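> What follows is a single structure, and I will ask about it in a moment.
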Protein chains: 2
Amino acid sequence: MGDGKTGLQLRSLIKKSGELEISLLNVATPEPAADEVVVRVEATPINPSDFGLLVGAADMTTAKASGTNEHPVITAKVPEAGMKAMAGRLDESMPVGNEGAGVVIKTGSSDAAKALMGKTVAMIGGAMYAQYRCLKVNECLPLPDGTTPAEGASCFVNPLTALGMTETMRREGHKALVHTAAASNLGQMLNKICLKDGIPLVNIVRSREQADILHKIGAKHVVDSSSPTFMDDLTGALTETGATLAFDAIGGGKLAGQILACMEIAINKTAKVYSRYGSNVHKQVYIYGGLDPRPVELNRTFGMAWGVGGWLLFPFLMKIGPVDGKRLRERVIDELKTTFASHYTKVVSLREALDPANIAIYAKRSTGEKFLINPNKGG
Amino acid sequence: MGDGKTGLQLRSLIKKSGELEISLLNVATPEPAADEVVVRVEATPINPSDFGLLVGAADMTTAKASGTNEHPVITAKVPEAGMKAMAGRLDESMPVGNEGAGVVIKTGSSDAAKALMGKTVAMIGGAMYAQYRCLKVNECLPLPDGTTPAEGASCFVNPLTALGMTETMRREGHKALVHTAAASNLGQMLNKICLKDGIPLVNIVRSREQADILHKIGAKHVVDSSSPTFMDDLTGALTETGATLAFDAIGGGKLAGQILACMEIAINKTAKVYSRYGSNVHKQVYIYGGLDPRPVELNRTFGMAWGVGGWLLFPFLMKIGPVDGKRLRERVIDELKTTFASHYTKVVSLREALDPANIAIYAKRSTGEKFLINPNKGG
C-alpha cells in the first residue's frame, strides 16, 4: 500500500485513430475539501455497466499487452462500425469504476467528514478503479461494523437496480415480474428479493446450467430460451404468475417481442370478448442492458397496449426522489450479507485487471463470472 | 330508403377454414329502450381502424365476388401465417364501422331520447355499416344546424386521435411533435391543429407528392423518407423544433428507430458532457397504426432514455376522463367545417362497398384515398 499522496488510477482512452488504450497512471490524490474524504479503495467490482466505459466498442479479441510491468498498457481495435457511438469520448482519457468500498484515511474539516475517519465506507460516483478516491461525504455510505470492503463493494448498482425493478413494478401497477439473463449476480439478488417479498418472478435463462443455479436458490419459475418449448413454457409461467412487466438485460434480437407476445396470449386465455386491438392490459418490457448488440426486433402480435423502453438506475433514483432512495439504500445495508451478498469468481489488482488472460475471461461477460478489483492488493 | 323496421347490415366473418366472407344481411331494427334512439345511417367512413375488422388478415388480392345483386358476397383467402392473430374472431359474424352520422327516426321514452327526434347526430360505437343503428343517447353527438351527415360522419376517430396527440404531448412534457404518413386525412388535420395552436410539427412523408400536399396547407417542416438525405433532413427539423415525441402510423421496419436516433443526435448537438448512456432526455415513439406489417426494428444508437409503445384512442380517452374528453369533443364540433373537415374521394352504398373494383382501391389503404359509405344511398 502507498502513502495516500499518489496512487495508481486506471484510464480508458479511445483514440480518433480507432484504438482503445487501457493504462495505469500515477495520479496525485487531491486534498479533501471541508465536506470531502479520501478513501483507500480496497474493493471495486467490474459490473456490466462499467464494461461499456472500460472497453467501449473495442473488439477485445484484438487486445494486445504492452508497456512495463509497473505500467502495463492494453490496446485493442475499435471496429469502424463502432466508432460512431464513441464520438463523445474520443481522445479523452477517462477514469472508470462506478462503485467500490474502502477505508477513509484522510478527511476535510467538517464534522460530517471527520466522523468518517477510519471507517469502512461504500462509494458511488465513478473513478473507483484507483488506489485512492477523494469524494464528498454524501457519496459515501458508512458500512456497519464487521463489514469488509469486499462485502460492501457492490452496495449500489446491483442491489438498487434489483430493488428498482420491484419498485417500478409496484409504481406502474404490475403484480409480477419477468427477468432475462436471470442467473446473473443481479438476477440471483432479484430472486432473493422476490422470494422474501412474495413477488412472483419468471426467470428467463439461456442454458440448463443457468436454470440449475436458480433452482438451487429456490426460484419457482425458470424457463430456458434455448429449449424448443420456450414459447409454451414462458406462456405457462406468465399465465400462472400474471406477470405483465419484464426487465431485459439482453436487448437485441427477438426476445423482448417474444415476451410481449407470450404475455398477450396469457392474458387472452381469460378474455371473454374479441378485440381487434388485442387485450387492454398494458404489457411493458424495460431494456436495461445490451448483452446482445443487435437491433431489437418486435413482431407486433401483441395488440396495442404495450411498451418497450430503456431503463437506467440513476434516472429512476432521480424520479423516486431522496426519501424513497434512502429507504432502498437502508434496506441494502440491512440485508447486505444475505439478500444483497455478491459473489466474485476472482479478486485482482489493478495490474492484474490489465492481464490479457484475465481480460479474456471478464470480456466474455458471461453469466456467473464476476471480477472484483482490489486496487491496493499487491501483484 | 326502407321503413326503418329492417335494414341491411354489413357483416365480416372469418371461418376456421381460412376464408374471409363479407356479406350484407337483412336485420330487424331493435325497439329503442328508454334511453336509446334509432338512427338512419347516412354517412360512415372506411377508416384504417375499420379496415382491420372488415378484412382481418385476409389477402384482398384473392377477393372473389359471389351472391346475388341484392345480397352480394365477397370471399378472400386468409394466409396460414395470418390465422393465429384471427383466433379470437373465428366463425363469428361481426358487424363493422366505428363511427358515422345520420338522422334520428325513432326514440325511446326518456326526455333525452325524445329531444333527439329528427336531429342529425354523429355516432360512435361500432356496427355503423348498416342502414339503421339503435344506440344509447350518450353515444350520439347532436350536430349543429346546417351540418350534413357527411360532414359529421368522421367526428370521432380522426379528430379525437389528432387532438389526442397534442394532448399527449402536453401531458408527457414534450414541446413539439413528429408525425409519420403525415399527408393522410388525419395528418392534414394534425397540421391544422398544430398551426392553430402554435405547436411545431415535423411531418414525415414517403413521396414528393405527399410533401406537396402538406406544403400547400402551410406545413413548415416536411421531410421525405424516400430521399437520400432523409436522416440529415429529419435531424435538422428535430434540431429546429426540439421534438422528442413521435406518432407513427407505419409501425414496421426501421422508421421508429431512425426517428429516435435522429432525436438523440439533435439533443446531443447541445450536450456539453459525454455520457456513455446517451442523453437524459426521454424520447418517445407511439405506434398507432400498422401500415407496414413487418417487425419493428430498433437499432439502439439512441442511449437509454427512450420508449416505443402502442397508442390507441379509446384507452387514451379512458385515461384522460370524461371532463377532458368532453372538452375535446366540443372543440371538434366547434371546428367541424374548418380544422376537422374530412375529404372523401368516393361515396358508395353498402352494395357498392362490396364491389371488387371499389375494394381494389380502398384495400390499398393509400394516403389520400378515403371512402365514405352512405348505407341509405341507392345503388
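The values are calculated or read from the model by the stated rules, or taken from the named source; none is laboratory data. Values in this document were obtained by computation on a predicted structure and should not be read as measured data. Because the Cβ atoms are built from the backbone with ideal geometry, glycine has one as well, and the counts that use them run over all protein chains shown. Just the protein is used for accessible areas: all its heavy atoms, side chains included, with ligands, DNA and RNA removed. Shrake-Rupley method; radii C 1.70, N 1.55, O 1.52, S 1.80 Å.
> Once the mean 1/r over all distinct Cα pairs of the stretch A:267-368 is inverted, what Kirkwood radius in angstroms do you read off?
For the stretch A:267-368, the Kirkwood estimate is 18.8 Å.
> Just going by the charge dipole of the stretch A:7-99, with Lys and Arg at +1 and Asp and Glu at -1 on Cβ, which of A:Ala81, A:Val37, A:Asn98 is farthest out on the positive end?
Farthest along the dipole direction, towards plus: A:Ala81.
> Suppose a student asked you for the relative contact order of the stretch B:159-221, using Cα pairs under 8 Å spaced at least 6 residues apart; what percent would you report?
Taking the mean separation of contacting Cα pairs over the length of the stretch B:159-221, I get 34 percent.
> Using the 2.2 N^0.38 Å rule of thumb for compact globular proteins, work out how the stretch A:66-105 stacks up: its C-alpha Rg over that value, please.
Dividing the Cα radius of gyration by 2.2 N^0.38 Å gives 1.70.
> Here is a further query. How much accessible area is lost when chains A and B come together, counting both sides, with a 1.4 Å probe, in Å² rounded to the nearest 100?
Interface area, both chains combined: 2900 Å², rounded to the nearest 100.
> Could you point to the residue in A:Met123, A:Ala153, A:Ser109 farthest towards the positive end of the stretch A:105-173's charge dipole, with +1 and -1 charges on the Cβ of Lys/Arg and Asp/Glu respectively?
A:Ser109
> B:Lys16 label points, 7 Å along Cα→Cβ, one per copy: pairwise distances from this copy to the rest in nm, shortest first?
7.0
> Also, I was wondering about something else. Suppose every K and R has +1 on its Cβ and every D and E has -1 on its Cβ; what is the size of the dipole of the stretch B:1-119 about the Cα centre, in Debye to the nearest 20?
140 debye
> One decimal, nm, shortest first: give the distances between the label point of B:Lys196 and those of the same position in the other copies, each label point 7 Å from Cα along Cα→Cβ.
Distances to the matching label points in the other copies: 5.6 nm.
> Which FRET efficiency value, to the nearest 0.05, is calculated for A:Lys377 and B:Thr229 with the Förster distance at 56 angstrom and r the Cβ-Cβ distance?
0.55
> Quick one: grab the alpha carbon gyration tensor of the stretch A:88-158, order the square roots of its eigenvalues as a ≥ b ≥ c, and give me rounded if a/c is under 1.5, else prolate or oblate depending on whether a/b is larger than b/c.
Oblate is the answer for the stretch A:88-158, as a/c is 1.5 or above yet b/c matches or exceeds a/b.
> What residue among A:Asn280, A:Asn47, A:Asn98 has the largest mean-square fluctuation in a Gaussian network model of chain A, using Cα springs under 10 Å?
Of the options given, A:Asn280 has the highest mean-square fluctuation.
> How big is the stretch A:181-308 on each of its three principal axes, counting only the C-alpha atoms and giving the largest first in Å?
Answer, in whole Å and largest first: 42, 33, 27 Å.
> What accessible area per residue comes out for chain A, rounded to a whole number of Å², with a 1.4 Å probe?
That works out to 42 Å² per residue.
> Another question, if that's okay. With n ≥ 4 as the cut-off for DSSP H runs, can you work out [θ] at 222 nm for chain A, using -39500 (n - 2.57) per run divided by the number of residues, rounded to the nearest 500?
-8500 deg cm²/dmol
> Taking H placed 1.01 Å from N in the peptide plane, check which residues at least 5 places from B:Trp306 or on another chain put their amide H under 5 Å from its amide H.
It is A:Gly310, B:Lys283, by chain and number.
> Further question on the same structure: Of all DSSP beta bridges in chain A, what percent run antiparallel (nearest 5)?
60 percent
> Considering only DSSP beta bridges with both partners in the protein assembly as shown, what is the antiparallel share in %, to the nearest 5?
Given both bridge residues lie in the protein assembly as shown, the antiparallel proportion sits at roughly 65 percent.
> Placing +1 at every Lys and Arg Cβ and -1 at every Asp and Glu Cβ, with all other atoms neutral, what dipole size does the stretch A:158-236 have around its Cα centre, in debye to the nearest 20?
240 debye
> Projected area of the stretch A:45-164, taken from the Cα convex hull and averaged over every viewing direction, in nm²?
So the mean shadow area of the Cα hull is 10.3 nm².
> How large a share of the accessible area of the protein assembly as shown, in percent, is made up of carbon and sulfur atoms when the probe is 1.4 Å and the other protein chains stay in place?
Solvent-exposed carbon and sulfur of the protein assembly as shown make up 54 percent of the total.
> A further question follows. Work out which residues of the stretch B:302-347 lose at minimum 30 square angstrom of accessible surface when the other protein chains are put back, relative to the chain isolated, with a 1.4 angstrom probe, and list them by number.
B:Met304, B:Trp306, B:Val308, B:Gly310, B:Leu312
> Have a look at the DSSP beta bridges in the stretch B:66-203 and tell me what percent are antiparallel, nearest 5.
Just about 75 percent of them are antiparallel.
> Compute the FRET efficiency between A:Ala33 and A:Glu209 as 1/(1 + (r/R0)^6), taking r as their Cβ-Cβ distance and R0 = 51 Å, and round to the nearest 0.05.
My answer for the efficiency is 0.55.
> A further question follows. Give me the percent of Cα-Cα pairs in the protein assembly as shown that sit more than 35 Å apart, rounded to a whole number.
Everything past 35 Å amounts to 54 percent.
> Based on the Cβ-Cβ distance of A:Asp292 and B:Asn138, what FRET efficiency does E = 1/(1 + (r/R0)^6) give at R0 = 35 Å, to the nearest 0.05?
About 0.10, to the nearest 0.05.
> A follow-up question, please. Which of the GluC sites (Glu not before Pro) found in the stretch A:153-249 are in a DSSP loop and have at most 16 neighbouring Cβ atoms, other than their own, within 10 Å?
Hits after loop and neighbour filter: A:Glu172.
> Using a simple charge model, +1 on the beta-carbon of Lys and Arg, -1 on the beta-carbon of Asp and Glu, nothing else, what dipole does chain B show about its Cα centre, in debye to the nearest 20?
My answer is approximately 600 debye.
> Normalising by the residue count of the stretch A:196-248, find the relative contact order in percent from Cα pairs under 8 Å and 6+ residues apart.
38 percent
> Related question: What's the percent breakdown of Cα-Cα distances in the stretch B:248-316 across 5 Å bins, shortest bin first?
Result returned by the calculation: 4, 17, 26, 20, 15, 10, 6, 2, 0.
> Something else now. In whole Å, what are the Cα extents of chain B along the three principal axes, biggest one first?
73, 48, 35
> Taking only C-alpha pairs under 8 Å that are 6+ residues apart, what is the relative contact order of chain B in percent?
Taking the mean separation of contacting Cα pairs over the length of chain B, I get 18 percent.
> Next question. Would you be so kind as to identify all helices of chain A, as entire DSSP H runs, whose Cα atoms reach 15 Å or more along the helix's own axis and whose mean Kyte-Doolittle hydropathy is at least 0.0?
TM-like helix candidates: A:230-241, A:255-268, A:313-334.
> OK, next. With unit charges on the beta carbons (Lys and Arg positive, Asp and Glu negative) and the dipole taken about the Cα centre of chain A, which residue among A:Phe314, A:Asn47, A:Ala353 sits farthest to the positive side?
Toward the positive end, the furthest listed residue is A:Phe314.
> Inter-copy label distances at A:Ala28, 7 Å along the Cα→beta-carbon direction, one decimal in nm, shortest first?
9.8
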